[in-house]
């Protein structure tokens, strides 16, 4: 695989640039110096025909060249994105590319910046901004060109356990900052029409049509499967897909494009008398590009389309087709376009899963010979799922802190119904205008979607379906990933038993399991940073949550759900607080009493106050303030949740 050292060098360069941050100039100088030394060595070896330099120097020189290329590419992208401080209280201009109406009746718009003005001169601006408007009097649509002036603030993570990593996500998606803006500080000054806006509007129109065609119970799943938008899915259904390891089905990416490519090639196989195999592949590539554009041309879809296009075209152009080289080439092409793709979780999982499938699927499939055709078909699909899971397990533990124990069962459900559901959805899009026939397709689509949901929920209801609570830092993630990859390669490809590597892998499993068990042994009370009073009690392997009325507060519900998932334990009880409550834990009693400006909590002889309004005293703990008070008093400070041990 000649592209392997090139890709590794390029990826390593991007990672070094991302990690170095403020010291990037010094790091770049070191990388350049090493590359120059390698090149001087090659020149010396060529001029004097010396054999003192090994051939690996040539590989190292090329690798360092691409490392510099990756380093420089990300540095250029970082430099091009504007700084939120330079844009604050300036007149900025941008185009709306995403618009959403929240349940609290606020409109949130995402803008792509174009320029900024300080009153004397205009300069180019680059990056994305999120603005939340204080009124619905003026609605903004995709394609609107707006001017606004406000103070921007950077994205900051909540400190509650298991909370969304906003700094990482928005920082790697070219976002500059966000703001809550008054209606008199923003106005529409025109409209823009370009290809990106056209496809965004098209995607919204398709989503609205899907909601009108399909029953409400399954329309959200249909929109997610076809467009990747999960906003309208019931939270319980979403949790079922997450717990069973089937969440990737609801994100339009490599899985969907791969399935659709297979469907197109299978259908074209019926016309083999008139269309050659190469022509069928080329036509299939055109069709998946059509699907990518039809689904709204989102970045995740286009990444997957580019990846599979290169893989498919590699079969046409190369007699000795090397799937791994084609996969690496597609990754290099995408990272050259935007190096931040490397930090997208969807990008990582798509490529790592495909690498696992290319390396391990065939050896795993050959382990168990199956004679019955239908069982063989199921086993072949299961081998694909096992291969992908082997490769993605370190990523699931690192990013999601959990592992779906019944991934094989959910994989069978997805494999049996995934093709059918996607096929019906695509047919529905193209035939919705045909009378009578569209009623049949809508009925079949709704039935197949319902079957998919029920199948996933049945798997989710099996006890012990998910193991959560794993905590890995980046160094541990790299070690476990390397050991798992090496052991799998030796076992399935070389068919040898790597004794020392397996011992190391077992030690790693023991270590992360030991860390997980330590989390289970905690006995503590936590009060979270939220708009309302809420928290969690962990005591002797049980988890209880408490909160004020949560019916109209989705943010609070999500905060509690994230904390329970992060603990790795199952929720034992959820308490909705009234004016006075007592929670008994064996001999311990915790009392919650509603006060005029907050809550009082009594734990044995201890007493502390959680303040939600008013002006706190100077010595009042920061941790025992509502999110609003924390933000107004300690705007730029990260405050950890209040935590106290329970004996």
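So here's what we get for this one:
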item: Residues 343, 592 arranged by fewest to most Cβ contacts within 10 Å; result: 343, 592
item: Mean Cα-pair separation over length for the stretch 524-645, i.e. relative contact order, pairs under 8 Å, 6 or more apart, %; result: 26
item: Between the stretch 144-196 and the stretch 75-114, the alpha-carbon center distance in angstrom; result: 4
item: Computed [θ] at 222 nm, helices only, for the chain once each DSSP H run of length n ≥ 4 contributes -39500 (n - 2.57); result: -17500 deg cm²/dmol
item: Cα-based helix-to-principal-axis angle, 437-460 vs the chain, degrees rounded to 10; result: 70
item: Spatial separation of Cα centroids for the stretch 569-640 and the stretch 529-568, in angstrom; result: 13
item: Gyration tensor (alpha-carbon) shape descriptor, the chain, a/c threshold 1.5; result: rounded
item: Folded to 0 to 90 degrees: helix 407-431 orientation relative to the chain principal axis, Cα; result: 80
item: Full-stretch length increase - residue 367, residue 76 - with 0.36 nm per residue and alpha-carbon distance subtracted; result: 99.9 nm
item: Extended-chain gain in nm, criterion 0.36 nm per residue less alpha-carbon gap, residue 461 and residue 522; result: 19.3 nm
item: Calculated FRET efficiency for the pair residue 23/residue 497, C-beta based, R₀ 45 Å, to 0.05; result: 0.55
item: Label-point gap, in nm, between residue 277 and residue 324 - each point 7 angstrom along Cα→Cβ; result: 2.3
item: Theoretical gain in end-to-end length, residue 43 to residue 635 [0.36 nm per residue, Cα-Cα removed]; result: 207.5 nm
item: Relative contact order of the chain, defined on C-alpha pairs under 8 angstrom at six or more residues apart (%); result: 10
item: Prolate/oblate/rounded label for the stretch 84-192 (Cα gyration tensor, a/c 1.5); result: oblate
item: Estimated FRET transfer efficiency (residue 443, residue 134; beta-carbon r; R0 45 Å; 0.05); result: 0.55
item: Point-to-point label distance, residue 482-residue 168, nm (Cα→Cβ direction, 7 Å offset); result: 2.0
item: Burial ordering of 198, 44, 505, 64, fewest other beta-carbon atoms within 10 Å first; result: 44, 198, 505, 64
item: Förster radius 41 Å - calculated FRET efficiency between residue 643 and residue 91 (Cβ-Cβ, nearest 0.05); result: 0.40
item: Cα-based shape type of the stretch 553-647, given that a ≥ b ≥ c are square roots of the gyration tensor eigenvalues and the cut on a/c is 1.5; result: oblate
item: Least to most buried among 512, 302, 14 (fewest other Cβ within 10 Å first); result: 512, 302, 14
item: Degrees between helix 24-48 axis and first principal axis of the chain (Cα, 0 to 90, nearest 10); result: 20
item: Backbone N within the stretch 115-135 under 20 Å of label point (7 Å from residue 188 Cα along the Cβ vector); result: 115, 129-135
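Only the coordinates and a few stated rules stand behind these numbers; no lab work does. Keep in mind it's a predicted model, so treat the numbers as computed, not measured. FYI the Cβ positions are ideal-geometry reconstructions off the backbone, even for glycines, and counts take in every protein chain you see.
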